[in-house]
């Protein structure tokens, strides 16, 4: 993308109402614009990150055998009356009345709707196990939306729902999602720690939050330092096999959010491994058995002809929240430092003298070559001062910068800068491309 | 995708309330499930088509230089009061009050919101021309939702908005979208005819609807048969150049919807070229100049330092409606006949004897080989009767079917069937893959 044709409204001002660094940086880099309390437009730069995160989550859900569909944003009140949650949700639920005076709502989550889809079609154990997911906008009418996209009202969530014949099967499905989550967050450059958590309005007796550590996190969290060093299960994990070992590796260690914290248990960890920190919840998984299937009569026939309520779990990832979460975890004094997998562009190309015909030609050719190599490139072809170009590139945090100037051209090299380390190297363009591709 | 692991709730029943063939077929093939009047869940098969259409539209918008962002579904009433449309929209607008008694709405379109984004950032002619688009769910509270996804209440629309300094520039932007639309529809296997149209609640004095012909179309349409034979501008069209020739090629011919129809003008077409038919609107473009920019004070400075309201147009494509529209245009007595570009899977692989070890092995290998070739494959590995497998494949309408059976294995061939022509060929798998890839 040529910057002269892009829409990147970068601003120098730090807005007064932006309390945390991710919110400040998202406004300064023109990633989002607030349209109302907790409601945002995702401007082009922000939208690219949102899409990349959504795609990583999609790929890891698919790898674990979940099947994608898409439920609507607007739901009928009846289903929530059936489950008994229509009143439970209180004022956080955005209630709507249509022109025929029918009660509807903007879905804050989808347990009821997916259970209705399930019971409409599935009658036999033979169709199980089944895991259906979607990524859709949700609305929760928070009394005080804050922290930008981290606690917005309209937010993008991936939510998956598993259906199994037995509790044992449901726990296996839970474990699959547990592992898929570890892989998905790992691909985003995050260390997400699964922690015992309260189940809240979703219900059930087994639940883990996936937490990334950041000083600005909303929750106090406590865990064993050893968990931070465990590698993700890996993309070659056999999801058809037994993945409980990968889960046990984590659950053997102490890790809990404030609500579930047990000071005595925590005290048993060797002192130098006691991590007491703040964290941001980026995922939450639940096993709740037959809570919804019983209330809504979602049953299947067993091999013996018996009719039993289906065993369910649900699994959420805060896709839009992750954009803020990643920035909280990945920034420095000059701006954002994107992990390459979720960066809006993988490389920023800076032409030092766009008015100089030779420089313009070499930079245009480099732009072409980078795109041919399959890279997302933001090409700064503006006539601004080099200083402001460098500052902007640092601020928006693309992992690599390639600078094209007259001196380099004479020597047949470009300058390649790594945003995270700050390291600068002079090398031929072809080698720079290889370095960027290697990540 | 292995069918034994997929969620494809095909049904033999034709629902009584489904009046048109696309609605019937979408329910029978398990593409959608209705969750309320005009509100649908996109089941896995339907969701895949929706995604493919969205992606084609995205690629053609990007090719024409438009920039993608994402506006929220919920908007503040204030902006619509500013433009004066808050009352105009009447009961079709889904109005919502939040917990703080603020008036909001579920966006039926986004002229106001994008104008607000624009005026917040753009102050100078130097940033122009600019074309911003998104693909987002909209809601129109139709009094009688009908025809399935063709006239739903919650629907997916791509809407683009162009901003130019001069009316001449705005007309050039309009022409770019005109051509991008022709290309996008052409890639979906559709002949979409641009027709003069009324501007309705969007406003302005220049507008074209893009109409595909189908007996079940909602509108009566009239045009010169010669228009049907014009090739699309093509993906190599230079959008930086003057594209008005491609537009004139069409507007030189008579083509109008009922509202704009002029019997006398129509009568001047040679009789054998007079097409009087029914059509489905799949796109609608508008030039409305300064209607919103004046009302909402969206101005830019000219090179002379003058402050002028920006010239705007808006450009919609009904992404979810297109799924139904394509089926209306592409089906036969056995079911859907997908154009390959939007088919949920490009090829269906049928194993005739999944319990026979040799057949299972050859079919598994073929599944692997098809995926390696970059094709989307639905692999029917169920143990159902061949007849019901063939019927289901015909019903869901994948463009190609590959059948693996014991006799073919003996001869080193597979059976390749073209869904549209019905033609069956026996050939080695590698050649079948090449045929499928060639489309």
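The values are calculated or read from the model by the stated rules, or taken from the named source; none is laboratory data. Please read all numbers here as calculations on a predicted model, not as lab measurements. Quick reminder, even Gly has a Cβ in these numbers, built from the backbone with ideal geometry, and neighbours come from all protein chains shown.
Pairs linking a residue in the stretch B:255-267 that is more than 13 Å from residue B:199 (Cα to Cα) to a residue that is surrounded by fewer than 17 Cβ atoms within 10 Å (Cβ to Cβ) and at pLDDT 95 or above, with Cβ atoms under 7 Å and 6 or more positions apart or on different chains, are B:266/B:274.
If I go through the stretch B:34-48 residue by residue, how many of them are more than 22 Å from residue A:161 (Cβ to Cβ) and crowded, with 22+ Cβ neighbours inside 10 Å? Outline the logic, then answer.
Going residue by residue through the stretch B:34-48, those that are more than 22 Å from residue A:161 (Cβ to Cβ) are B:37-38.
Right, trim to crowded, with 22+ Cβ neighbours inside 10 Å and you get B:38.
Count: 1.
Screening residue B:65 against (1) closer than 20 Å to residue B:173 by Cα; (2) in a helix (DSSP H, G or I) leaves a single unmet condition, (2). Check residue B:326 against each of (1) touching a strand residue (DSSP E or B) at 6+ places or on another chain (Cβ under 7 Å); (2) crowded, with 21+ Cβ neighbours inside 10 Å; (3) in a helix (DSSP H, G or I) and name the one condition it does not meet. Only one criterion in (1) touching a strand residue (DSSP E or B) at 6+ places or on another chain (Cβ under 7 Å); (2) crowded, with 21+ Cβ neighbours inside 10 Å; (3) in a helix (DSSP H, G or I) is unmet by residue B:326, namely (1).
Determine whether residue B:133 is farther than 26 Å from residue A:155 by Cα and either within 11 Å of another protein chain (Cβ to nearest Cβ) or in contact with a strand residue (DSSP E or B) (Cβ under 9 Å, 6 or more places away or on another chain) (or both). Walk me through how you get there before you give the answer.
Values: farther than 26 Å from residue A:155 by Cα: no; either within 11 Å of another protein chain (Cβ to nearest Cβ) or in contact with a strand residue (DSSP E or B) (Cβ under 9 Å, 6 or more places away or on another chain) (or both): yes.
Here the answer is no, as residue B:133 does not meet what is asked.
Residue-level check: of (1) in contact with a strand residue (DSSP E or B) (Cβ under 7 Å, 6 or more places away or on another chain); (2) within 22 Å of residue A:42 (Cα to Cα); (3) within 11 Å of another protein chain (Cβ to nearest Cβ); (4) surrounded by fewer than 22 Cβ atoms within 10 Å (Cβ to Cβ), residue B:145 misses just (2).
Quick one: would you say residue B:358 is surrounded by fewer than 16 Cβ atoms within 10 Å (Cβ to Cβ) and assigned by TED's automatic domain parsing to the domain that holds residue B:214? For residue B:358, the condition - surrounded by fewer than 16 Cβ atoms within 10 Å (Cβ to Cβ) and assigned by TED's automatic domain parsing to the domain that holds residue B:214 - is not met.
Here is a check on your reading of the model: is residue B:228 surrounded by fewer than 20 Cβ atoms within 10 Å (Cβ to Cβ), modelled with pLDDT under 95 and over 27 Å from residue B:92 (Cβ atoms)? Here the answer is yes, as residue B:228 does meet what is asked. With respect to the conditions (1) within 9 Å of chain B (Cβ to nearest Cβ); (2) under 26 Å from residue B:320 (Cβ atoms); (3) over 23 Å from the mean Cα position of the chain (by Cα), residue A:77 lacks only one, and its number is (1). Within the option set A:201, A:194, A:233, being in contact with a helix residue (DSSP H, G or I) (Cβ under 8 Å, 6 or more places away or on another chain), in contact (Cβ under 8 Å) with a residue 60 or more places away in the chain and closer than 27 Å to residue A:62 by Cβ holds for one residue only, A:194.
Of all residues in the stretch B:156-171, none satisfies being facing chain A (nearest Cβ under 9 Å), farther than 30 Å from residue B:18 by Cα and either more than 21 Å from the chain's Cα centre (by Cα) or surrounded by fewer than 19 Cβ atoms within 10 Å (Cβ to Cβ) (or both).
Quick one: in the stretch A:87-105, which of the residues that are in a helix (DSSP H, G or I) and more than 7 Å from chain B (Cβ to nearest Cβ) is nearest to the chain's Cα centre (by Cα)?
Here is the first cut: in the stretch A:87-105, the ones in a helix (DSSP H, G or I) are A:87-88, A:90-92.
Keeping just the survivors that are more than 7 Å from chain B (Cβ to nearest Cβ) gives A:87-88, A:90, A:92.
Details: A:87: 30, A:88: 27, A:90: 27, A:92: 22 Å.
Result: A:92.
Yes/no per residue for (1) outside the structural domain of residue A:246 (by TED's automatic domain parsing); (2) under 16 Å from residue A:80 (Cβ atoms); (3) touching a residue at least 60 places away in the same chain (Cβ under 8 Å):
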| site | (1), (2), (3) |
| --- | --- |
| A:104 | no, yes, no |
| A:117 | no, yes, no |
| A:120 | no, no, no |
| A:134 | no, no, yes |
| A:144 | no, no, no |
| A:147 | no, no, yes |
| A:161 | no, yes, yes |
| A:166 | no, no, yes |
| A:175 | no, no, yes |
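Please work out if residue A:398 is buried (at least 16 other Cβ atoms within 10 Å of the Cβ), in contact with a strand residue (DSSP E or B) (Cβ under 9 Å, 6 or more places away or on another chain) and closer than 19 Å to residue A:45 by Cα. Against the criterion (buried (at least 16 other Cβ atoms within 10 Å of the Cβ), in contact with a strand residue (DSSP E or B) (Cβ under 9 Å, 6 or more places away or on another chain) and closer than 19 Å to residue A:45 by Cα), residue A:398 qualifies. The set of residues in the stretch A:51-69 being on the phi < 0 side of the Ramachandran plot and within 7 Å of chain B (Cβ to nearest Cβ) consists of A:67, A:68, A:69.
Exactly one residue among A:108, A:72 is assigned to a loop (DSSP other than H, G, I, E, B), more than 12 Å from chain B (Cβ to nearest Cβ) and touching a helix residue (DSSP H, G or I) at 6+ places or on another chain (Cβ under 9 Å), and that residue is A:108.
Scanning the stretch A:420-433 for residues that are outside any strand (DSSP E or B), free of Cβ contacts under 8 Å to residues at least 24 places away in the same chain and under 25 Å from residue A:336 (Cβ atoms) returns A:421, A:422, A:423.
Within the stretch A:344-402, the residues that satisfy the criterion of being closer than 16 Å to residue A:4 by Cα and part of a strand (DSSP E or B) are A:348, A:349, A:350, A:351, A:377, A:378, A:379, A:380.
How many residues does the stretch B:34-45 hold that are within 19 Å of the chain's Cα centre (by Cα) and facing chain A (nearest Cβ under 8 Å)? Don't jump to the end; show me each part of the working.
Residues of the stretch B:34-45 that are within 19 Å of the chain's Cα centre (by Cα), as a first pass: B:38-45.
Checking which are facing chain A (nearest Cβ under 8 Å) leaves us with B:39-44.
Going through the stretch B:34-45 one residue at a time, the tally reaches 6.
Which condition breaks for residue A:179 when tested against (1) in contact (Cβ under 8 Å) with a residue 12 or more places away in the chain; (2) on the phi < 0 side of the Ramachandran plot; (3) surrounded by fewer than 19 Cβ atoms within 10 Å (Cβ to Cβ); (4) under 24 Å from the mean Cα position of the chain (by Cα)? Single failed check for residue A:179: (3).
Comparison of A:54, A:78, A:92, A:59 shows that the only residue that is touching a strand residue (DSSP E or B) at 6+ places or on another chain (Cβ under 6 Å), surrounded by fewer than 19 Cβ atoms within 10 Å (Cβ to Cβ) and in the same structural domain as residue A:240 (by TED's automatic domain parsing) is A:54. Of the residues contained in the stretch B:111-122, none is found to be assigned to a strand (DSSP E or B) and facing chain A (nearest Cβ under 8 Å).
Going residue by residue through the stretch B:3-26, is there one that turns out to be in a helix (DSSP H, G or I) and at the interface with chain A (Cβ under 8 Å from one of its Cβ atoms)?
Here is the first cut: in the stretch B:3-26, the residues in a helix (DSSP H, G or I) are B:3-5, B:21-26.
Filter again for at the interface with chain A (Cβ under 8 Å from one of its Cβ atoms), leaving B:5.
Within the stretch B:3-26 (the criterion being in a helix (DSSP H, G or I) and at the interface with chain A (Cβ under 8 Å from one of its Cβ atoms)), the answer is yes, since at least one residue qualifies.
Screening the stretch A:11-33 for residues that are within 23 Å of residue B:130 (Cβ to Cβ) and at pLDDT below 95 and picking the one that is surrounded by the most Cβ atoms within 10 Å (Cβ to Cβ) gives A:11.
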